[in-house]
Amino acid sequence: MEEELKDLTNIKGIPFKLVPLPWPDACYAADGHRLPATYANFLIINGAVLLPIYGVKQDNEAILIFEGLFPERKIIPVYSRTLIEQHGSLHCITMQYPEGTINY
């Protein structure tokens, strides 16, 4: 995938800057299957970046990388183990619902 991403450019033909992220230690569900832990499922919001963390040693490295990438924003680590146990993460819990799909 990295090789494919290196070939992509923005609308002006400028290549994107790829930043390697650490892999968190493997996280497993109670039944033993591996959970989708990744730091790539971050969310940029007004003045901040929500960064999924998992209580593993790579969390601090990921926080430092994101602080360097987004110096003008506050990096907010969000413990996301519960989310990945449901096979989702920060983007999943922030998705929009079409009008009329939620009954109050």
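Would you be able to say whether some residue in the stretch 20-31 is touching a Cys at 6+ places or on another chain (Cβ under 8 Å) and either of a type in the set (Val, Ile, Thr) or farther than 19 Å from Ile93 by Cβ (or both)?
Within the stretch 20-31 (the criterion being touching a Cys at 6+ places or on another chain (Cβ under 8 Å) and either of a type in the set (Val, Ile, Thr) or farther than 19 Å from Ile93 by Cβ (or both)), the answer is no, since none of the residues qualifies.
Yes or no: Phe66 aromatic (Phe, Trp, Tyr), surrounded by 10 or more Cβ atoms within 10 Å (Cβ to Cβ) and either at positive phi or in contact with a helix residue (DSSP H, G or I) (Cβ under 9 Å, 6 or more places away or on another chain) (or both)?
So Phe66 does not fit the description; no.
Which pairs turn up if I take residues in the stretch 5-22 that are of a type outside the set (S, T, N, Q) and look for partners that are in a strand (DSSP E or B) with beta carbon separation below 8 Å, at least 6 apart in sequence or on another chain?
Pairs that qualify, where the first residue is of a type outside the set (S, T, N, Q) and the partner is in a strand (DSSP E or B), are Lys6/Pro15; Leu8/Pro15; Pro15/Thr9; Phe16/Thr9.
So, in the stretch 37-57, of the ones that are out of contact with any helix residue (DSSP H, G or I) (no Cβ under 7 Å at 6 or more places or on another chain), farther than 19 Å from Leu18 by Cα and not hydrophobic (A, V, I, L, M, F, W, C), which residue ends up surrounded by the fewest Cβ atoms within 10 Å (Cβ to Cβ)?
Filtering the stretch 37-57 for residues that are out of contact with any helix residue (DSSP H, G or I) (no Cβ under 7 Å at 6 or more places or on another chain), farther than 19 Å from Leu18 by Cα and not hydrophobic (A, V, I, L, M, F, W, C), the one surrounded by the fewest Cβ atoms within 10 Å (Cβ to Cβ) comes out as Asn46.
Are any residues in the stretch 69-104 exposed (fewer than 11 other Cβ atoms within 10 Å of the Cβ) and among the β-branched types (Val, Ile, Thr), and if so, which ones?
Scanning the stretch 69-104 gives Thr82, Thr94, Thr101, Ile102.
What number of residues within the stretch 42-67 are touching a residue at least 40 places away in the same chain (Cβ under 8 Å) and closer than 20 Å to Leu83 by Cβ?
Adding up the residues that qualify gives 4.
Laboratory data are not the source of any read-out in this text; all were calculated from the coordinates shown. Since we're looking at a predicted model, the values are computed, not measured. When we count neighbours, we look across all protein chains shown, and the Cβ atoms used for this are built from the backbone with ideal geometry, even at glycine.
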